[in-house]
Amino acid sequence: MGGGVRSVSDSIGVRLRRAGDLILLSSVSMGAVLMLAGTPASAEDWGMGAANREIARGAVFSPVSTPASEIATLAWFTLAITLAIFLTVGGLLLYSVIRFRARPSDEQREPPQLYGSNPIEFAWTAIPLLIVFVLALTTVRTIYDVQAAVEPPNAVHVRVIGHQWWWEFRYPDLGIVTANELHVPLSDPAHPTPTWLELESADVAHSFWVPRLAGKTDLIPNKINTMWIDPHQPGIYLGQCAEFCGTEHAMMLIRVVVEPRANFDRWVAAQRMPASPHDAVAHGRQVFQTNACASCHTVQGTSAHGTYGPDLTHMMSRQTVGSGVATNTADHLKIWVRDPARMKPGALMPAMNLSEKDLDDVVTWMVTLK
Amino acid sequence: MSNVKPITMEAAAHTIAPPAILHPWGLPSRGRVGMIALITTETAFFTIFVTAYVFYIGKSLTPPYPRDVLSYPVFNTICLLSSSITIALASRALNAGAIRRFAVLWIITLALGVEFLIGTGLEWHRLIYHVGLTIRTNLFGTTYYSLVGLHAVHVTIGSLAIALVAMLTLAGAVTQEHAERIEMLSWYWHFVDAVWIVVFLTVYVVGTR
Amino acid sequence: MAGTIDDRFALDAGGSELASANALPIAGKLHEWITTVDHKKLGLMYIGWGLIFFLVAGLQAATIRLQLAVPNAGIVSPQVFNRLLTLHGTAMVFLVGMPILTGFFNYLVPLMIGARDLAFPRLNAFGFWLWFFGSLLLYFSYIGGGGMEGAGSAPSVGWFAYAPLTETPFSRGHSTDYWIISILLASVGSTATAVNLIATAFSMRCPGMALNKMPVLVWLAVVDAGLMLVALPPLSAAQIMLLLDRYMGAHFFDTQAGGSALLWQHFFWIFGHPEVYVLVIPAFAFASEIIPVFSRKVIFGYEVMVAASCAIGFLSLGVWAHHMFSVGMTPAGNAFFVTSSMLVGIPTGIKIFNWLGTMWGGRIRLRVPMLFAIAFLFQFLIAGLTGIILAVAPFDWQLTDTYFVVAHFHYVLIGGIVFMIFAAIYYWFPKATGRMLDERLGQLHFWLFLIGFHLTFDTLHFAGLQGMPRRIYTYQPGRGFELPNLIASIGVIFQALGMIAFVFDVIKSLTSGKPAGKDPWDAWTLEWSTSSPPPEYNFADLPTVHSRRPLWDLKHPEDPDWKYE
């Protein structure tokens, strides 16, 4: 793996970065100028901007699944109450500042001193207590509605395992392992087929969050959490890790693909197949199996059975590489395999240091993994 | 904004006289308040370690387990708890001006404290070299050495302070006027003893069930 | 025995301290400040260093906003960004908030209770230097220590440093150790200050100042110190456990050996939530002194204010897990923390209402300290309401760990605390230096900072609702994050300009500000009865008081306060 070379270049990089820290510390003026100048240097977005724009926007207040809808209802109720309080108290504050401001014409005498009033104190203790009582009861009801929901027998099961910095999705009943893109069936509100997620972590704490489907739930090592979703509108929903988990926390993205049952079943059937052999690209497969690739990744039907990285058996059925940093094209794949840090600095996959031919061949083979 | 106009006492004389202030103006001594505050913060500190211990009872993945290797440190406990009595008596003796009685009781307290530390040392020696339990063995080792060790650190600090006072006493420098400071030191020592009762119950009674 | 206030309360000990210090050469002056045990000098050193770190951590925040101004920006690498956010958060809490606030209490409590110093002056100096070296150690991580395997030295685990990200397998080198040890030192220093403040308030009050005659600020100092006594040890204890894990192979938070990641979260937030109140109670304290003086009215409902503060202190110890609604607690656990968190809103609301009651019917003088205080009232109202929103656990499942939370707690920390710190600086600067800050520069500072603050933090609420998690070093275009982030970053420019006006004002006023005199604001508490700056021992003769506003009694002998208390 060329460890020596890598650590030397790493330490140079670290030194440079540390120097960078110092420069940043001392250069706010430069920062301000840059900001005034307009757009700071933008890196490539690897096709993701366009891909994201194809997906319907919306978040907390555009729910398409029961937990998210219940939360949105409660949220509107909460916002209405707090807005009413803000308008009342803020209005009184504004009124008193304007009405009681000192004017030049005022006489020099001090205003009447008022030391307090028990009835008033009682009133502004009792009214908030009542509001809190109502809000707490409503909240607790929603907590039980969402958290204490009973799992129906026809629910789809998925084990969601958080890794630094990607998602593993295992469907134990269906015998499927995939990564970064969760496929779930559409749930008809009349005959719900919800999906139950069991959340675990392979390393540090993460959090699974797709705002239009449900609130977030953390993935905590040594603890199994559950959550459920029952999306009733087909589409792709974006989410991402919401608990700081290290260097590439920002690029631990989630796509949830919701499709009608028939399409979902077709996807399941395809995923259960082993990788189909393509003699034309046998050398690429050879490269994959004999290099470090195989010690981290699994490709069913080959000798690669690593579990440290995502299962790649059907990787070309996925829309992105690198847990959502780039669209899944042969060009991007090649850049990724050559040097993942170019797209995702700090990613745990090392640069593979393959010869140009090996790189071409392995990527050519990988794009056959449909 | 205008500066304050000088207000003379003549002006004040036209008004009702303010209510009298309690004489003498008595407030608690800063030493007492300070020691209470210190004990409060130390209590919060120990609470977290005790919580961690209780939380991890029975959660070790590998042996040894507490019930197999711990036995009640009866003699140690008797010594430490009786030292609370001797230090209280010593403090009272100093308050009454009986320096010699104070000195004797004080040195007995020191001896009891040191005995406790030796006893803990022997227990640790047995656990480390005969049982093979260290802080990295399992969760029991981790929590046991931290909690008992943290308490032992407090006994050590207390013993050092008591030893210092003992030396000053033998040098003839401690007199009745130091009674309050000595009493504050005894409060700390009582606190350390009280913590031991909690540690004893947590580690040796509840933890070995 | 006729005499003025001067004769009764104060002694001008042969010229101000400033003048006597000027006579010394630099080395002598330095020696004087380093060896001092005077509560005023230590208080000013806390505030001064706190302000320096405020600028440093503020620059880090500006860099963060620069990186996030547009999608996929490459101003800093992810590693550098994570260090920036960790240092910014840690420094703002422990190196800025804590020292500035304890600095004010250090300076003011003895003066306001008619004492000559804190109860334990040397302990006070000890606490300061512990904090000081701890704070230097945190930033020393940028330049010191290579760390193993080139992993860098500045901490990058976030200010709440969740396990097991901080355990050796995921955090190699010494960066996390810098975080642990520097904060451990600073916390011990703060605990020493807390012990000192409590002993001072209970044992050092001047004759006549019964507990129910202490100024509200002193009461809040007691509540604050009490909260520090019980809230800081959980952090220190957890940090010691983490050190044992990292250095001795213990397993407290080692999930591979059965350790619990959640235990760290609980311990941290048992500290962390009360810590928010430790920081905000001093802001309440300043507001409770400044709002009455500039409204020309006695504080409305003194007893209720004190009781509400104590209630906030107690309740704040039982709400910590509202930071953990998404960790998969049981519904009953969630319900408990929902209820307790909402209950804290009640005494907090009572305080806002009482400040409103104080202003009602007054003659409000809109000087700079009062401008900041009024902005504080509005902003703290909003911060409290978004706090209630976050206490609604299901809503919190959406909002926690997003920019909504970031916006909420910056509303508390900047909109509440920093605004009140500025109010307090404008209010007490004349007392500490003998010179007024410039009113017009102050107004400029206020308006620039106000506009910048709202541009930045109002919009960040919407970024969170749009689905933007906190602590991400960049984001992709096309997800609706672009606009709020750009506006938020533009707001930084206004905040920075405001800070420049402030720094310029301080420098200018230190040398050529208008002389303040003893009592420039026509105020009522004891610190205004002695010279500005006060002499070394504060009061020549210890004052005697009969009410909560001793100077009011003297200025209004026909209608003194003690008739009504």
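If only residues of segment C:385-405 that are more than 7 Å from every other protein chain (Cβ to nearest Cβ) and surrounded by fewer than 24 Cβ atoms within 10 Å (Cβ to Cβ) are counted, the one that is nearest to A:Ala84 (Cα to Cα) is C:Thr386. Close Cβ contacts (under 6 Å, 6 or more residues apart or on different chains) running from residues in segment B:85-104 that are on the phi > 0 side of the Ramachandran plot to residues that are surrounded by fewer than 16 Cβ atoms within 10 Å (Cβ to Cβ) and not small (Gly, Ala, Ser) comprise B:Gly97/B:Gln176. Filter segment C:331-352 for residues that are within 7 Å of chain A (Cβ to nearest Cβ) and farther than 13 Å from A:Ile131 by Cα; which is surrounded by the fewest Cβ atoms within 10 Å (Cβ to Cβ)? So, considering only residues that are within 7 Å of chain A (Cβ to nearest Cβ) and farther than 13 Å from A:Ile131 by Cα, the one surrounded by the fewest Cβ atoms within 10 Å (Cβ to Cβ) is C:Pro331. Every condition in (1) more than 14 Å from every other protein chain (Cβ to nearest Cβ); (2) under 30 Å from C:Val230 (Cα atoms); (3) among the β-branched types (Val, Ile, Thr) holds for B:Val50 except the one numbered (1). Can you find a residue that is farther than 30 Å from C:Asn354 by Cβ, part of a helix (DSSP H, G or I) and more than 7 Å from chain B (Cβ to nearest Cβ) anywhere in segment C:193-215? Checked against the condition, which is being farther than 30 Å from C:Asn354 by Cβ, part of a helix (DSSP H, G or I) and more than 7 Å from chain B (Cβ to nearest Cβ), segment C:193-215 yields no hits at all. Is it true that A:Gly116 is farther than 30 Å from A:Thr226 by Cα, in a helix (DSSP H, G or I) and within 9 Å of another protein chain (Cβ to nearest Cβ)? Answer is no for this residue.
The set of residues from segment A:130-155 being over 17 Å from A:Ile224 (Cβ atoms) and under 23 Å from the mean Cα position of the chain (by Cα) comprises A:Ile143, A:Val146. Checked against (1) surrounded by fewer than 22 Cβ atoms within 10 Å (Cβ to Cβ); (2) closer than 19 Å to A:Cys296 by Cβ, A:Ser201 passes all but a single condition, namely (1).
Residue-wise test of (1) part of a helix (DSSP H, G or I); (2) touching a Phe, Trp or Tyr at 6+ places or on another chain (Cβ under 7 Å); (3) among the acidic types (Asp, Glu); (4) farther than 20 Å from A:Ser201 by Cβ.
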residue	(1), (2), (3), (4)
A:Val134	yes, no, no, yes
A:Thr139	yes, no, no, yes
A:Ile143	yes, no, no, yes
A:Val146	yes, no, no, yes
A:Ala149	no, yes, no, yes
A:Ile161	no, no, no, no
A:Val177	no, no, no, no
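The set of residues from segment C:141-167 being at pLDDT 90 or above, more than 7 Å from chain A (Cβ to nearest Cβ) and out of contact with any Asp or Glu (no Cβ under 9 Å at 6 or more places or on another chain) comprises C:Ser156, C:Val157, C:Trp159, C:Phe160, C:Ala161.
Counting only residues that are among the polar types (S, T, N, Q) and more than 9 Å from chain B (Cβ to nearest Cβ), segment C:530-550 holds 4 of them.
Apart from one condition, C:Ile421 fits all of (1) under 30 Å from A:Leu219 (Cα atoms); (2) more than 12 Å from chain A (Cβ to nearest Cβ); the exception is (1). Given the condition in a helix (DSSP H, G or I), more than 7 Å from chain C (Cβ to nearest Cβ) and touching a residue at least 12 places away in the same chain (Cβ under 8 Å), answer yes or no: does some residue in segment A:92-107 qualify? No, because not a single residue in segment A:92-107 is in a helix (DSSP H, G or I), more than 7 Å from chain C (Cβ to nearest Cβ) and touching a residue at least 12 places away in the same chain (Cβ under 8 Å). Across segment C:168-186, the qualifying residues are those that are surrounded by fewer than 24 Cβ atoms within 10 Å (Cβ to Cβ) and within 20 Å of the chain's Cα centre (by Cα), and the one among them that is nearest to the other protein chains (Cβ to nearest Cβ) is C:Leu184. (1) touching a Pro at 6+ places or on another chain (Cβ under 6 Å); (2) farther than 30 Å from A:Val146 by Cα: which one isn't true of C:Phe429, the others all being true? Going through (1) touching a Pro at 6+ places or on another chain (Cβ under 6 Å); (2) farther than 30 Å from A:Val146 by Cα one by one, C:Phe429 breaks only (1).
Yes or no: segment B:172-180 includes at least one residue that is within 14 Å of chain C (Cβ to nearest Cβ), over 25 Å from B:Leu70 (Cα atoms) and part of a helix (DSSP H, G or I). Yes: one or more hits. Can we say C:Phe409 is more than 10 Å from chain A (Cβ to nearest Cβ), aromatic (Phe, Trp, Tyr) and in a helix (DSSP H, G or I)? So C:Phe409 fits the description; yes. Among the residues of segment C:456-478, the ones that are among the aliphatic types (A, V, I, L, M) and in contact with a Ser or Thr (Cβ under 9 Å, 6 or more places away or on another chain) come to 3 in all. Evaluate the following for C:Ile414: is it touching a residue at least 40 places away in the same chain (Cβ under 8 Å), part of a helix (DSSP H, G or I) and not charged (D, E, K, R)? The answer is yes for C:Ile414.
The values are calculated or read from the model by the stated rules, or taken from the named source; none is laboratory data. It should be emphasised that the depicted structure is a prediction, and the values quoted were computed from it without experimental measurement. Cβ sites come from the backbone with ideal geometry, for glycine too, and all protein chains shown count toward neighbours.
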